[in-house]
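Since the structure comes first, as structure tokens, the remarks are kept for the end.
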Amino acid sequence: MILDATAGNRVIWRLKNPPNVIFLDVETRLPRKPDIYADNRLMPFRNEVFDMIIFDPPFSWGEEFGVYNRYVNEKRRIEESKGTKPFTYYGADKYKSRGELISAIYKTQVELSRVLKSDGVLMLKWGEVDIPLTNVLTVFQGWMEMMRLYIDDPSQTAGKTQTYWILLCKKNGGIKQTDLTNMLSAMASPPTALSDSPSCPQPHPTPRQHQLFEYQ
Ligand SMILES: C[S@@+](CC[C@H](N)C(=O)[O-])C[C@H]1O[C@@H](n2cnc3c(N)ncnc32)[C@H](O)[C@@H]1O
């Protein structure tokens with residue numbers, strides 16, 4: 001099960017209603033309604049229930065970039081009557097200052113860590129509108145960066161700023177060594193009929209074991 005913890009208008013999603021995704025947002029004016037209205041700093045979920053979480057927080061603070069107010073007042077009426085897609089709502093108006101935004105991201109990542117499974121993945125989207133990525137990543141102390149993707153698609157970036165997708169996993173709560181040993185010994189046991197055959201080489205777990213243990 002996947003959680004989108006900052007669903008907005010789901011502009012980044014090609015499938016707007018995938019069956020295995022829960023869309024959550026705190027904004028009540030969104031034309032494309034979330035499944036759950038909630039603050040992602042305190043969510044109504046049990047511990048460790050999601051395999052993946054998408055986190056696309058506001059990249060800035062203060063006034064919304066103007067798009068949303070125009071949209072709500074006029075474009076909403078026109079676009080919705082034509083059935084065309086909603087604009088991106090960035091949520092910058094939710095936070096008054098840089099400190100407030102950073103503090104919110106800090107609290108959210110604690111909560112995301114609580115609801116993400118131990119071997120789950122967090123996908124963080126960040127655009128360097130006002131805060132460099134390196135500064136934001138200092139908030140994610142309990143996480144390890146697995147992958148960094150640079151977005152070149154202008155429809156997914158705010159103006160010309162660099163935007164990233166960062167894949168994170170939990171530092172200490174990840175796959176445990178005993179789980180891996182069990183998994184590897186299962187992989188290393190060939191079907192009985194084949195194990196007696198001299199022409200069938202036995203699987204050797206060692207190289208993969210090394211690779212996987214790097215995550216510890
Ligand atoms: C950059 S937009 C997300 C855009 C979205 N990914 C899309 O495809 O349209 C950020 C979203 O985070 C939401 N948000 C901001 N703070 C939040 C909070 N504390 N809890 C839940 N949602 C929040 C905003 O309402 C806004 O919809």
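The values are calculated or read from the model by the stated rules, or taken from the named source; none is laboratory data. Computed from a predicted model, the values in this text were never measured in an experiment. Neighbour counts are summed over all protein chains in view; Cβ atoms, including those assigned to glycine, are modelled from backbone coordinates with ideal geometry.
Laid out as a table, the results:
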| quantity | calculated |
| --- | --- |
| Answer from Arg14, Arg41 - the residue that is basic (Lys, Arg) and at pLDDT 95 or above | Arg41 |
| Residue pairs meeting the criteria (Cβ under 6 Å; at least 6 apart or on separate chains; first over 15 Å from Gly127 (Cα atoms), in the range 47-61; second within 15 Å of the ligand (Cβ to nearest atom) and assigned to a loop (DSSP other than H, G, I, E, B)) | Ile53/Ala5 |
| The one condition in (1) touching a strand residue (DSSP E or B) at 6+ places or on another chain (Cβ under 6 Å); (2) modelled with pLDDT under 90 that Asn73 fails to fulfil | (1) |
| Within the range 98-132, considering residues that are assigned to a helix (DSSP H, G or I) and touching a Gly at 6+ places or on another chain (Cβ under 9 Å), the one surrounded by the fewest Cβ atoms within 10 Å (Cβ to Cβ) | Val110 |
| Leu116 at pLDDT 95 or above, over 18 Å from Trp61 (Cβ atoms) and away from the ligand (no atom under 12 Å from the Cβ) | yes |
| Residues of the range 1-20 classified as in contact (Cβ under 8 Å) with a residue 24 or more places away in the chain, within 12 Å of the ligand (Cβ to nearest atom) and not hydroxyl-bearing (Ser, Thr, Tyr), total | 8 |
| Verdict on Thr161 being modelled with pLDDT of 95 or more and either of a type in the set (S, T, N, Q) or surrounded by 13 or more Cβ atoms within 10 Å (Cβ to Cβ) (or both) | no |
| Residue tally, condition within 12 Å of the ligand (Cβ to nearest atom) and either aliphatic (A, V, I, L, M) or closer than 15 Å to Tyr89 by Cα (or both), over the range 22-52 | 16 |
| The range 130-158 - residue that is of a type in the set (Phe, Trp, Tyr) and modelled with pLDDT of 95 or more and, of those, nearest to Tyr90 (Cα to Cα) | Phe140 |
